[in-house]
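A.B. asks: Provided herewith is a single structure, encoded as C-alpha cells, for subsequent inquiry.
The values are calculated or read from the model by the stated rules, or taken from the named source; none is laboratory data. None of these values were measured; they are calculated from a predicted model. Please note: Cβ atoms are built from the backbone with ideal geometry, for glycine as well, and neighbour counts cover all protein chains shown. For the accessible areas, the whole protein counts, side chains as well, though only heavy atoms, and no ligand, DNA or RNA atoms are used. Shrake-Rupley method; radii C 1.70, N 1.55, O 1.52, S 1.80 Å.
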Number of protein chains: 2
Amino acid sequence: MKRAKKQNRSDIEERVQEFSRLCRKNDLRVTNQRLEIFRALLETVGHPTVEDVFHQIRTILPNLSIDTVYRTLTLFENHGLITRVQCLSDKGRFDPNLENHHHFICVRCKKIEDFYWPEFTDYSIPDEAMKLGMIQMKKVELRGICNECRRKGRNAHQKKHS
Amino acid sequence: MKRAKKQNRSDIEERVQEFSRLCRKNDLRVTNQRLEIFRALLETVGHPTVEDVFHQIRTILPNLSIDTVYRTLTLFENHGLITRVQCLSDKGRFDPNLENHHHFICVRCKKIEDFYWPEFTDYSIPDEAMKLGMIQMKKVELRGICNECRRKGRNAHQKKHS
DNA sequence: TATTTAAATAGGAACTATTCTTATTTAAGG
DNA sequence: CCTTAAATAAGAATAGTTCCTATTTAAATA
C-alpha cells in the first residue's frame, strides 16, 4: 500500500483537528489510537485495508492491537465519519443476470435489490474516468435502509463492534 | 434466503439448457453439480451467497462439497457466465472522503480509484428505485482493468480457483 | 491538580469464510 | 466400453474478523 501524500502535512493536521472536534461532538473519546487511525486514512492513497492501517501505525504505536483498528474503523463508520468501500457484506454474492442493471444495498441487513435505469446507459462518464483503464462495466450503486428494516426499526442492526 | 421463483420452471430449464451449451463452448465439462449450481442461482432471488447455494443444493446432492460451490462460482465468474456482486475484494476498505465521488475498481488487482462526476448528482433515479427504501448514497461504480494491469498482461491475475 | 470511573485498549483465543491438498470419481473423446 | 485429464469430496489449513478479559486511560468531578 502506497503512502504517497494525498494532501500536505498542514492540511492533514487541520483535518485531524477538525476530526477531533467531531469526535467530542459525537461523544467519542479522543484517543491517540483514534487520531492515528484517522490520520493514516488521510495519509494513504487508495482506500487502505485494516491491515494497511495497522502496519502503518505500528511504527508509531508498537503495541497497537489489530482489533482496535477494526473496532475503531467500524465505530467511525457507524458515526458517519468515514465510509466503507465495496465490501458491505462479508460474504461473496453472485448474480446470473448479465443484463445492464443496478443495485440498491441495505446498509443494515445487507440485502441487494436490483433496479433498472435504461437512460443511464446514455450518460457518458467524464474523461477523467475514461483514462483510468479499460472499462468493462458501469453501474449505479444506491445505499440506504430498505423498507423492511425501516419497519423493524433500529434493533435490526447487525451486531458488530458497538 | 428466500427461494421464491424469479421465473417459471420452463424458463429456468430453458436457461439451464442454454447454459449447458455455453459451458461446452467454453470447454467446461457439463457436470450435474455445475448445472445445479447455476439453477440455484436462477431460482433464488436476491443474489445468493455461497452458503445459500450450498444449502439449497444439498437436498438434491447430499454430499456436495462447499469447496465445489466456491470453485464453480469463481469459474463461472472467470468465464463471464455470472458476475460477483459487491465484494470484489475480500478485505474491508475505508474512505475518509465524504464528498460525493465515484469509484473505478480493477477486477484484477482490486485497486479502487476515485473520480468525480458532478453532473451525475443532477440525474434523478427512476421511481422504481426510489421505492426500494430510504436512500442515503448514490454513486457510480466502474469495473475494468486498470492501466497498470493492462501493461503487466494476464499474469497479474490473482491466484484463486483456475 | 488529584481522584474516580466508565470507556477504550492489548493480547490472545475463537470464529467464520475461503482456499488448498489429496485420494477418488467422472465426463467425454477415442 | 476404455482411457485419461478434469472435476469432485472431505477435511485440513489459512486468513480476515470478532470476542473475551484484564489493564489502561480520557475526561468528568472534587
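A.B. asks: Based on what the data block shows, is A:T59 within 16 Å of DNA strand C (Cβ to nearest atom) and in contact with a strand residue (DSSP E or B) (Cβ under 7 Å, 6 or more places away or on another chain)?
C.D. replies: no
A.B. asks: Return the residues of the range B:113-128 that are outside any loop (DSSP other than H, G, I, E, B), at the interface with chain A (Cβ under 7 Å from one of its Cβ atoms), open to solvent by 10 Å² or more (accessible area, probe 1.4 Å) and within 17 Å of A:K138 (Cβ to Cβ); say none if nothing qualifies.
C.D. replies: B:E113
A.B. asks: Something else: Mind listing just one residue for me: the one in the range B:129-155 that is facing chain A (nearest Cβ under 7 Å) and open to solvent by 90 Å² or more (accessible area, probe 1.4 Å) and, of those, nearest to A:E141 (Cα to Cα)?
C.D. replies: Looking at residues that are facing chain A (nearest Cβ under 7 Å) and open to solvent by 90 Å² or more (accessible area, probe 1.4 Å), I get B:Q136.
A.B. asks: Any idea which of (1) more than 22 Å from A:E113 (Cβ to Cβ); (2) open to solvent by 30 Å² or more (accessible area, probe 1.4 Å) is the one B:C23 doesn't satisfy?
C.D. replies: Every condition holds for B:C23 apart from (2).
A.B. asks: So, in the range A:19-42, of the ones that are at the interface with another protein chain (Cβ under 10 Å from one of its Cβ atoms) and not small (G, A, S), which residue ends up farthest from DNA strand C (Cβ to nearest atom)?
C.D. replies: Here the answer is A:L42.
A.B. asks: Another one. Considering only residues that are among the aliphatic types (A, V, I, L, M) and open to solvent by 20 Å² or more (accessible area, probe 1.4 Å), which ones fall in the range B:42-74?
C.D. replies: Passing the criteria: B:V45, B:I60, B:L61, B:I66.
A.B. asks: Moving on to the next point. B:I82 versus (1) open to solvent by 10 Å² or more (accessible area, probe 1.4 Å); (2) within 7 Å of chain A (Cβ to nearest Cβ): which is the lone unmet condition?
C.D. replies: Status for B:I82: all satisfied but (1).
A.B. asks: Are any residues in the range A:75-94 at pLDDT 65 or above and under 9 Å from the mean Cα position of the chain (by Cα), and if so, which ones?
C.D. replies: Correct list: A:E77, A:I82, A:T83, A:R84, A:V85.
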